[in-house]
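Here the structure comes first, spelled out in structure tokens, and everything after it is commentary.
Nothing in this text is a laboratory measurement; each read-out follows from the coordinates by a stated rule. Note that the structure is a prediction, hence the values are computed from the model and not measured. Every residue, glycine as well, gets a Cβ built from its backbone with ideal geometry; the counts of neighbours run over all protein chains shown.
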Amino acid sequence: MTENTEFIMRIADLNIRMLCNYPYTKRLCADFMTDSRDTDMIAKTTPLELEEESRNYIGENPSPGYCESICLYRDIAEQLPAFDGVVFHGAAVSINESGVIFTARSGVGKTTHVRLLLENYPENVRVINGDKPIIRKKDGKWKVFPTPWAGKEGMRSDTDALLSSIVLLERSKENFIEKVSPDEHFEAICRQIYLPKCGEMQLKTFDLIDQMA
């Protein structure tokens, strides 16, 4: 059932006007909604984009509302570089108020790492976002922000933090961690960041990644 819905939510210190046809996204974003009328960005989608998104789920039957929510977040990601921000695929946590993102290919263990941290250091660790946080440069500092899009586990909070580390997870028979050079793993980081279709925004994104690294 369609329901023309318009609301404003605040994520990454930006007010985003959401134009929806289904109630799913409004429910998803309820904790991020604001009464402010100021708008930094407008997120919208088209019937063609919804149709194309639904084709990505072979053997599944996602609701139109779910597909719309994904398309709207993609539209936000397309515009974010203009605000010095990017959508990052990873699990972000705050450890003693310091932002850390664990990133890896799907199934390697991002969520497992976050759960182990929460179990062993419950007073020191807070989840920011378990799947698709936003990283944004503001006032010369990089911060990682929560979003409503938090993966199937729904791990998220209202916490943001200054970004201190990006941890690239790989499978190994031994547990160890080592510092690596940004140049060596620049491509790996790029694969975890949403790259806009617009050429200008692509160049802006690569510049932001370079600055961040």
Problem set entry | Centre separation in Å (Cα based) which lies between segment 1-78 and segment 134-199 | 23 Å
Exercise. Considering the zone a paramagnetic label at E60 would reach in this model (a point 7 Å from Cα along the Cα-to-Cβ line), which residues of segment 105-127 have amide N under 20 Å from it?
Worked result: 105-112
Problem set entry | q = 0.10, 0.21 Å⁻¹, segment 43-136: log10 I(q)/I(0) [Debye, one scatterer per Cα] | -0.37, -1.04
Exercise. What is the distance, in nm, between label points placed 7 Å from the Cα along the Cα-to-Cβ direction at S172 and at E52?
Worked result: 4.0 nm
For this session: Please go through the residue pairs K110/K173; K137/K173; K143/K179; K173/K204; K138/K173 and name each one whose alpha carbons sit more than 28 Å apart in this structure.
Result: K137/K173; K173/K204; K138/K173
For this session: Return one quarter of the surface area of the convex hull spanned by the alpha-carbon atoms of segment 128-211, equal to its mean projected area, in nm².
Result: 7.3 nm²
Exercise. Using the alpha-carbon atoms, what tilt in degrees (0 to 90, nearest 10) does helix 199-212 show relative to the longest principal axis of the chain?
Worked result: 30 degrees
Exercise. Once phi is turned into θ = phi - 60°, what whole-Hz ³J(HN,Hα) does the Karplus curve with 6.51, -1.76 and 1.60 give for every residue of segment 170-187, x standing for Gly and Pro?
Worked result: 9, 6, 7, 6, 10, 8, 7, 9, 9, 7, 10, 7, x, 4, 5, 10, 4, 5
Exercise. Among (i) 18.0, 56; (ii) 17.3, 53; (iii) 16.5, 51, which is the computed Rg and Dmax of the Cα atoms in Å?
Worked result: (ii)
Exercise. To the nearest 20 debye, what is the magnitude of the charge dipole of the chain about its Cα centre, counting +1 on the Cβ of each Lys and Arg and -1 on the Cβ of each Asp and Glu?
Worked result: 260 debye
For this session: Please name which of N175, P196, G140 has its Cα lying farthest along the dipole of the chain towards the positive end, using unit charges on Cβ (Lys, Arg +1; Asp, Glu -1) and the Cα centre as origin.
Result: N175
Problem set entry | In order through segment 150-165: 3J(HN,Hα) via Karplus (6.51 cos²θ - 1.76 cosθ + 1.60), integer Hz, x for Gly, Pro | 10, x, 5, 7, x, 7, 6, 8, 9, 8, 10, 7, 5, 6, 10, 8
For this session: Provide the gained length on full extension for the span E184 to F206, in nm with one decimal, where the gain is 0.36 nm per separating residue minus the Cα-Cα distance.
Result: 6.4 nm
Exercise. If you place +1 on the Cβ of every Lys and Arg and -1 on the Cβ of every Asp and Glu, how big does the dipole about the Cα centre of segment 115-174 come out, in debye to the nearest 20?
Worked result: 280 debye
Exercise. Where in segment 155-213 are there chymotrypsin sites (Phe, Trp or Tyr not before Pro) that are in a DSSP coil and have at most 13 other Cβ atoms within 10 angstrom of their Cβ?
Worked result: F176
Seminar exercise, completed: To the nearest 0.05, the calculated FRET efficiency linking L118 and A213 through their beta-carbon distance, R0 being 25 Å, is 0.35
